[in-house]
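Each remark here refers to the structure printed beneath this line.
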Amino acid sequence: MSRSRRLRQSLVAALAIPLVAIPLATPALAVAAVGATKTYAAESGPGYGYGGSVESYGGGIVDPYRQSLGSSTATVDSEPATDAESTGVVLINTTVGYGSGQGAGTGLTITGDGIVVTNHHVVEGATSITVTDPSTGESYAATVLGYDDVHDVAVLQLEDASGLSTVATDRDAAAQGEEVTAVGNAEGQGSLSAADGTVTDPSTAITVSNEDGTASDLSGLIQTDADVVSGDSGGALLDEDGEVIGMNVAATSGSAEISGYAIPIDTVLDIAAQILAGEESGDVEIGGSAAALGVQVDTTRSTLVVGVVENGAAEAGGITEGSTITSVDGTAVASIDDITSVLGGHEPDDEISVSWTDAAGEAHTATVTLGEGPVT
């Protein structure tokens with residue numbers, strides 16, 4: 001029996017929305033820039049550990065992972081997913097900004113040893129990723145093997161996973177009027193829901209507006225009238241045979257009727273194959289996290305450290321709040337741009353030297369092992 005529910009603001013629903021704003025007191029990112037009155041992530045770049053711009057879907061199109069649940073007037077028609085509809089579909093939870101926020105989304109398991117595909121925006125900015133198989137209740141830490149932010153696809157590897165159920169896929173093109181079911185972690189509720197619909201356009205395009213003011217397009221998407229909502233990103237669009245023909249990526253909001261959008265699974269699997277082959281070309285990037293020093297720097301006062309990430313490279317090296325970083329990897333630094341430029345030439349687990357002057361004016365130098373910053 002289907003159930004309808006009004007989209008609403010709630011504690012559970014809020015988990016489906018990444019909190020990209022970082023509180024002033026929270027040390028974050030590979031190197032975070034702190035203005036006079038607020039903490040903010042500077043423009044993305046190598047070594048920042050938070051590369052890529054946060055996207056919000058313009059023109060009435062929103063990303064269901066970041067969708068403002070209180071803005072839609074739609075009533076969502078869905079029901080708990082059946083065991084068959086849930087096969088290979090997993091729940092994804094992320095910690096953002098070293099604990100400053102959380103997010104929830106969905107993924108598709110494509111190999112029994114824990115290769116999962118999802119949207120890039122589901123894991124972007126994450127400092128830790130946990131994937132749960134709802135059929136067994138088992139949870140796994142996950143790392144990003146690579147991504148394509150232009151087509152909004154990422155590939156994850158679950159740690160110590162084996163014998164997982166996988167999704168069945170159908171690479172054939174979607175057909176107008178075809179009956180479909182969207183399955184995902186709707187509203188970040190921690191379980192899978194299914195929403196029935198039909199294909200209303202087998203190949204369409206939407207325009208996305210990036211946080212930096214630029215615009216880009218997602219094209220070749222499957223449009224449906226299934227009620228795709230926040231948290232469904234990375235989930236399955238199933239055909240009548242229960243096979244995955246697309247991966248949920250976006251939905252309309254602010255109107256009485258919802259239109260969902262999915263990336264054709266053929267596109268997703270082709271990108272995944274390139275990432276798994278280690279081929280970094282075109283829009284594909286191999287790896288997910290940039291090197292992180294683990295300090296927060298006040299841009300109004302040169303390279304003054306105002307925050308240190310717990311268990312990060314800087315803390316391990318003895319750098320404390322009130323210190324001023326003077327050189328990184330043997331290069332003199334006088335600004336956050338100098339620091340990020342040096343880190344851009346390194347990978348996580350690289351050992352580098354860092355010199356600083358502590359709050360008492362005493363000079364120090366230490367060798368530190370760089371950590372992983374947020375997923376770029």
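Derivation of every value follows stated rules applied to the coordinates shown; laboratory data play no part. Keep in mind that this is a model prediction, so the values were computed, not measured. Here the Cβ positions follow ideal geometry from the backbone for every residue, glycine too, while neighbour counts run over all protein chains shown.
So for the range 285-327, averaging the separation of alpha carbon pairs under 8 Å that are six or more residues apart and normalising by length, what relative contact order in percent results?
Here the relative contact order equals 34 percent.
May I ask you to order 326-333, 303-310, 171-178 by the average number of other C-beta atoms within 10 Å around their residues, highest value first?
303-310, 326-333, 171-178
Taking amide H positions as placed in the peptide plane 1.01 Å from N, state which residues far from Ala226 in sequence (5 or more) or on other chains have amide H under 5 Å from it.
Thr198, Gly260
Give the percent of DSSP beta bridges with both residues in the range 112-212 that are antiparallel, rounded to the nearest 5.
100 percent
Between Ser203 and Asp160, what is the spin-label point distance in nm, taking each point 7 Å from the Cα along the Cα→C-beta axis?
For the pair Ser203/Asp160, the computed spacing is 4.6 nm.
Using the Kirkwood radius over C-alpha pairs as Rh, can you work out the diffusion coefficient of the range 254-317 via Stokes-Einstein at 20 °C, viscosity 1.002 mPa s, in µm² per second?
131 µm²/s
Rounded to the nearest 20 Debye, what is the dipole magnitude of the range 272-376 about its Cα centre when Lys and Arg each give +1 and Asp and Glu each give -1 at the C-beta?
Dipole of the range 272-376, to the nearest 20 debye: 320 debye.
Using only Cα atoms, what Kirkwood radius does the range 165-205 have, in angstroms? Don't skip to the end; give the middle numbers.
Numbers: mean 1/r = 0.0823 Å⁻¹.
Averaging 1/r across every pair of different Cα atoms and inverting gives 12.2 Å.
Run through every distinct alpha carbon pair of the range 294-354 and return the Kirkwood hydrodynamic radius in angstroms, one decimal place.
11.7 Å
Tabulate in residue order the Karplus-calculated ³J(HN,Hα) for the range 348-354, using 6.51 cos²θ - 1.76 cosθ + 1.60 with θ = phi - 60°, rounded to whole Hz; enter x for Gly and Pro.
Running phi through 6.51 cos²θ - 1.76 cosθ + 1.60 with θ = phi - 60° gives x, 6, 5, 9, 9, 8, 10 Hz.
Can you give the FRET efficiency to the nearest 0.05 for Val150 and His364, using r as the Cβ-Cβ distance and R₀ = 56 Å?
Details: r = 43 Å, r/R0 = 0.76.
E between Val150 and His364, to the nearest 0.05, is 0.85.
Once amide H atoms are placed 1.01 Å from N in the peptide plane, what residues at a sequence separation of 5 or more from Val96, or on another chain, have their amide H within under 5 Å of its amide H?
The answer is Gly101, Gln102, Gly103, Thr127.
Starting with the highest mean, order 135-142, 266-273 by the number of other Cβ atoms within 10 Å, averaged over the residues of each peptide.
Final packing ranking: 266-273, 135-142.
What whole-number value in cubic angstrom gives the convex hull volume per residue for the C-alpha atoms of the range 72-183?
152 Å³
From the square roots a ≥ b ≥ c of the eigenvalues of the alpha-carbon gyration tensor of the range 328-376, which class results: rounded (a/c under 1.5), prolate (a/b over b/c), or oblate?
prolate
Which ³J(HN,Hα) values, rounded to whole Hz and listed in residue order, are derived for the range 188-197 from phi using the Karplus coefficients 6.51, -1.76 and 1.60 in 6.51 cos²θ - 1.76 cosθ + 1.60 with θ = phi - 60°, glycine and proline given as x?
x, 6, x, 8, 8, 10, 10, 10, 7, x
Name the residues whose placed amide hydrogens come within less than 5 Å of the amide hydrogen of Thr111, ignoring near sequence neighbours (fewer than 5 apart) on the same chain.
none
How long is the gain from Ser219 to Asp77 if the chain were fully straight, where each residue apart is worth 0.36 nm and the alpha carbon distance is subtracted?
Values: separation 142, 0.36 × 142 = 51.12 nm, distance 2.66 nm.
Gain in length upon complete extension: 48.5 nm.
What are the ³J(HN,Hα) couplings of the range 285-296, residue after residue, when phi is run through the Karplus curve with 6.51, -1.76, 1.60 and θ = phi - 60°? Round to Hz, x for glycine and proline.
With the stated coefficients, the range 285-296 comes to 10, 8, x, x, 10, 8, 5, 10, 7, x, 10, 10 Hz.
Quick one: Kirkwood hydrodynamic radius for the range 130-246, alpha-carbon pairs, angstrom, one decimal?
Kirkwood radius, the range 130-246: 15.9 Å.
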